[in-house]
Each structure stands twice: as structure tokens, then as C-alpha cells.
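Trainee: Could you have a look at this structure, given as C-alpha cells, before my questions?
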Amino acid sequence: MKKILMMMLMSAVGISAYAQYDPNALKVLDGMSAKYKKIPAYSANITSSLINETDGINENFSGKIAVKGEMYKLEMEEQVVINNGTTVWTYLPDVNEVNIDTYSPEEDEISPSKIYDAYKNGYKYVLIGEENNGGALCSVVDLIPNDKDAQFFKIKLFIAKNDNSLKSWTMFDKSGNKYNYTIKNFKAINNPSDADFTFDATKYPGVEIIDLR
């Protein structure tokens, strides 16, 4: 516990020392944002991992994601999360159960539809340097939330220098967890239906519906 606390304190000191609105970082971030704003909808394969070196945790997940504006559908083996901008459905295949809740943007730190524009509201940003990621030379940018009570105290973005695409990002929380996300096989989608971003219970016979709204 003392080790974890010390690591958190050291991280906080380091962050406060350099957290700022770095114009070089802003140039990279604006280039990334402009790229994705030109794409109304897209799909991609996504891999994620949860790492906590102190607790010896290293869990890996993979799945597919589709995004249209503020809506998204994230399909993974253990769950499917669908957000149509007003309602969120979380389907659990193992128990054939879906939880329905109202989407609250103010409570959503980072979602798949927000990651490209997150820096525009509530974050400082700084260009850390360059690093190879997934075979591409990337600009590395740290986002630091202005809210000291935010769930994640840092988000690290890896943005390809050749085409401004977001290759991966890592989110750091205050309990020592690191959440890594990597995007592959990115493809634009032409005219996807809004119905693709809602949960259709008729496709899941016997599903238990838990409405939390």
C-alpha cells in the first residue's frame, strides 16, 4: 500500500510540473480531430488490456467497434455495449442479460466516440516526444484532466505522424490500473443505420432485461 501511495504521489508531482496547454501538442491533436471529423462513421478492431504491475494483473480483451457521431457499439466476448447517444445497453452473453441505463455525457470520462475530441474540454495537454507504435512513428501526447477528482489522472495518446491516425491510447487511474487500447483495421462506413446502435431484444431469445432508468 505504501508503495502504491508513493507511486501516485510521484506521478502527481510529475504531472503538475509539466501539465500545460502545449501549442505543439495542440497542433497534433487538432490534426487528429480534423481527420476523424471528416469520417461520419467507421468500424475497427480493438484490443485492450488492464495492467496493474503492483497487483500482478495483466488481462487482455479484443473485439470490434463501430462509431457514428456520438453513437457507438462495442462488441467483446464478455459483453456488448451499445450507446445511441441517449441510452446505453450493456449485454452480458454469459447470463443472457441486458442492463439499460440513461446515457449521461457529464459522467462519461472517455468513450469511443469522445476520444478524438476529449482534449477540447477539461484537459491540459503536452507533447512528450515520438515513439514507434504498431509499426508507425507516433507523436506521444499526454492529456491531464483539470478536475483533480477525475477517475483517470492521465491519458496518453499515440498519434501517427504520417496520417494523424490514433494508433493507441493508455488511461491511468488512481488505483494503479493502466487501460491500454489499440486500434487496427480502421474502415470508414457508408451510411450506417441508426438502428445498428440500439439493442434489439428480439435477436436474443429469453434475454433478461434490467431497466435501470
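The values are calculated or read from the model by the stated rules, or taken from the named source; none is laboratory data. No experiment lies behind these values; they were computed from the predicted model shown. Cβ atoms come from the backbone with ideal geometry, glycine included; neighbour counts cover every protein chain shown. Side chains included, ligands, DNA and RNA excluded: accessible areas come from the protein's heavy atoms. Shrake-Rupley method; radii C 1.70, N 1.55, O 1.52, S 1.80 Å.
Trainee: What pairs can you find where one residue is in region 153-179 and under 15 Å from LEU143 (Cβ atoms) and without any contact (Cβ under 8 Å) to a residue 24 or more places away in the chain, the other is open to solvent by 10 Å² or more (accessible area, probe 1.4 Å) and assigned to a loop (DSSP other than H, G, I, E, B), and their Cβ atoms are less than 7 Å apart, with a gap of 6+ or different chains?
Mentor: ASP173/GLN151
Trainee: Next up: For the condition assigned to a strand (DSSP E or B), touching a strand residue (DSSP E or B) at 6+ places or on another chain (Cβ under 9 Å) and closer than 19 Å to LYS167 by Cα, what is the one hit in ILE65, ILE100?
Mentor: Values: ILE100 fails: closer than 19 Å to LYS167 by Cα.
Within the list ILE65, ILE100, the selection yields ILE65.
Trainee: Further, regarding this structure: In this structure, does ILE209 turn out to be among the hydrophobic types (A, V, I, L, M, F, W, C), within 29 Å of GLN151 (Cβ to Cβ) and either in contact with a helix residue (DSSP H, G or I) (Cβ under 6 Å, 6 or more places away or on another chain) or open to solvent by 70 Å² or more (accessible area, probe 1.4 Å) (or both)? Full working, then the answer.
Mentor: Values: among the hydrophobic types (A, V, I, L, M, F, W, C): yes; within 29 Å of GLN151 (Cβ to Cβ): yes; either in contact with a helix residue (DSSP H, G or I) (Cβ under 6 Å, 6 or more places away or on another chain) or open to solvent by 70 Å² or more (accessible area, probe 1.4 Å) (or both): yes.
Yes; evaluated as a whole, the condition is true for this residue.
Trainee: Scan region 49-85 for residues that are among the polar types (S, T, N, Q) and surrounded by fewer than 19 Cβ atoms within 10 Å (Cβ to Cβ) and jot them down. Steps first, answer last, please.
Mentor: The first filter runs over region 49-85 and keeps only residues among the polar types (S, T, N, Q), leaving 49, 52, 54, 58, 60, 62, 79, 83-84.
Those that are among the polar types (S, T, N, Q) and surrounded by fewer than 19 Cβ atoms within 10 Å (Cβ to Cβ): SER49, ASN52, THR54, ASN58, ASN60, SER62, GLN79.
Trainee: Same structure again: Look through region 151-166, keep the residues that are touching a Ser or Thr at 6+ places or on another chain (Cβ under 9 Å) and not in a strand (DSSP E or B), and return whichever of them is least open to solvent (accessible area, probe 1.4 Å). So that I can check it myself, show each step before the final result.
Mentor: Taking region 151-166 as the starting set, the residues that turn out to be touching a Ser or Thr at 6+ places or on another chain (Cβ under 9 Å) are 153-161, 164.
Now narrow it down to the ones that are not in a strand (DSSP E or B): 161, 164.
Numbers: LYS161: 101, ASN164: 58 Å².
Within region 151-166, the match that is least open to solvent (accessible area, probe 1.4 Å) is ASN164.
Trainee: Taking the stated definitions as given, is SER104 open to solvent by less than 40 Å² (accessible area, probe 1.4 Å) and within 19 Å of TYR36 (Cα to Cα)? Working first, answer last.
Mentor: On the way: open to solvent by less than 40 Å² (accessible area, probe 1.4 Å): yes; within 19 Å of TYR36 (Cα to Cα): no.
Spelling it out, it is not the case that SER104 is open to solvent by less than 40 Å² (accessible area, probe 1.4 Å) and within 19 Å of TYR36 (Cα to Cα).
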